[in-house]
Amino acid sequence: MFKKEKDNKFKELREKAERKVSQDKESVQINDKKEILKTIHELHVHQIELEMQSEELINSQNELEKSRNKYSDLFDFAPIGYFILDNKGNISEANLTGASMLGIDRSQLITKPFALYIDNEDKDIFYVNRRNVLNNTICNVRLDLKLIHKDKSSFYAEIIMEPITTSDNKITYCHVAVIDISERKKTQEELHQSEKKYRSLFNTMSEGLALHEIICDEMGRPCNYRFLDINPAFIRQTGLKASDIIGKTVKEVIPDIEQFWIDTYGQVALTGKSKKFEHFSKSLNRYYEVFAYQTQPMQFAAIFMDITVRKQAEKALAESEKQYRELVETANSIIMRWDNKGIIRFINTFGAKFFGYSDDELLNRDVMNILPKVESGTGRDLEALAKDIILHPEQHTQVLNENIRKNGESVWVAWTNKAILDEHGNVLEILAIGNDITEIKQTEEKLRKSQKELEQFNSTMVHRELRMIELKKEINELCLQAGLPKRYNIDFTDEQQKQASKHG
């Protein structure tokens, strides 16, 4: 096709040349054969040169067409919206992506004011910046504007405006790139809300919280750390003010800081391994419970609570516990705790030895190991009694019952019971303090037997006395029958009358 066009073009040129030669009366007639051959050669060379130039022009034209098509594709299908606005702000060109963003066919956008698709609150900002671009006041403008979709929904976009300069350095158009940043705005809002929540938590949490960066020496060893931020609880729990420490190092704030803190925090900041610990600060004269974790390389956060009061209470409790244990272990009484399932949870050394066991031998064993199921002599069900103490501890604060030693020997113990309750009033354990009353019981039994024997002896003596009185009475009657005076005075006293009635 191109060769045919080229041949026709040269034919036309040839005809024009021949006409011009025939019209030129002063044309020189070439008679010299050599001159003719030379001219023909030059014409042939020139012809080839023209053909090569024509081929290059055709190739250039093809490349330009390819480039134009490529540019057109890039322009239309770019992931960013592109618009060209004239000096009045009307759309003269728009790519497919930009039209799709607005939900409007591209043909319907041409000649329309771009401001039609900008939210009313942002139109003034757009107008001022577009004017600055056209006046060459600003070469490049970046704005975040809210654009309006065809369905009246809105979305956030980043707008980039640049002037388009003509060959004579005039600016009559501007190029507008539109990037949908709705997701970015959403993420920013979520981050803002997260930051707001974090800041609220940061400021209201009861634990102290401080952000730091670790400082290392030339050998890479932690030697100091710097305060980056602190919350109000930090101030309350340390007495250090934000204005006095933010941006400063701990050695500037607390010159005599113990190396323990720097080493521990340094390990957290450098390795990323969190640590939870309790430690006493000599500098602040307080105990702290600390949880430290890495926030990013070379930085760490420390959440801590002043536990000085708790530590002091624990120390006092430990001292009290020590004294209590000494008292319990040296007491000459059985001291025992058993739970609501009847399992012995504690018994002192005296109690264990009293029942013939080693210190730990009775632990976690049933209390029935030291109780007979049925009490000898009385027949009382002691297993039922143990259960009833759990159910009705207030009815069994004082209990005397038979117990049994490891060797089977029976002993008697007087127990004082106190129920240990949970927050709902349910029995958790029974604290029982027992004293050996075996000798007392044995003495009581001996006294009971002696009393019984005494009663039997007294009864026998009364019978003998009554029989003597009966005999004396019979003798007196015989004396009366014989006309003799009574031999015995046998008038009964009131007590004798009662005894006589009692024994028949």
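Structure notes:
- Computed P(r) (all Cα pairs; segment 228-276; 5 Å bins; percent): 4, 17, 21, 26, 23, 7, 0
- Exceeding the 26 Å Cα-Cα cut-off - candidates 373/418; 248/282; 452/473: 452/473
- Residue 97 accessible area, 1.4 Å probe, all protein chains in place, Å² to nearest 10: 30
- Accessible-area order (highest first, 1.4 angstrom probe) of the listed residues 457, 155: 457, 155
- Residue 256 contributes an accessible area of around 100 Å² to the protein surface, as traced by a 1.4 Å probe with all chains present.
- Accessible area (Å², 1.4 Å probe, nearest 10) - residue 441: 70
- Converting phi to 3J(HN,Hα) with the Karplus coefficients 6.51, -1.76 and 1.60 and the offset θ = phi - 60°, segment 278-295 yields 10, 7, 8, 9, 5, 5, 9, 6, 9, 8, 10, 9, 10, 10, 10, 8, 7, 8 Hz in sequence order, with x at every glycine or proline.
- Close amide-amide hydrogen proximity is noted between residue 348 and 335, each under 5 Å apart and 5 or more residues distant or on a separate chain (H modeled in the peptide plane; Pro and chain starts excluded).
- Solvent-accessible area, 1.4 Å probe, carbon plus sulfur percent, for segment 178-299: 52
- Charge tally for residue 404 (other residues, Cβ to Cβ under 11 Å; Lys, Arg +1; Asp, Glu -1): 0.
- Per residue accessible area in Å² of segment 98-143, where ligands, DNA and RNA are left out and the probe is 1.4 Å: 58
- Distance cut-off 16 Å, percentage of C-alpha pairs in segment 383-430 lying past it: 46
The values are calculated or read from the model by the stated rules, or taken from the named source; none is laboratory data. What you see is a predicted model, and the numbers here were worked out from it, not measured in a lab. Methodologically, a virtual Cβ is constructed for each residue, glycine included, from the backbone with ideal geometry; neighbour enumeration extends over all protein chains shown. Please note that ligands, DNA and RNA were not included when accessible areas were found on the heavy atoms of the full protein model with its side chains. Shrake-Rupley method; radii C 1.70, N 1.55, O 1.52, S 1.80 Å.
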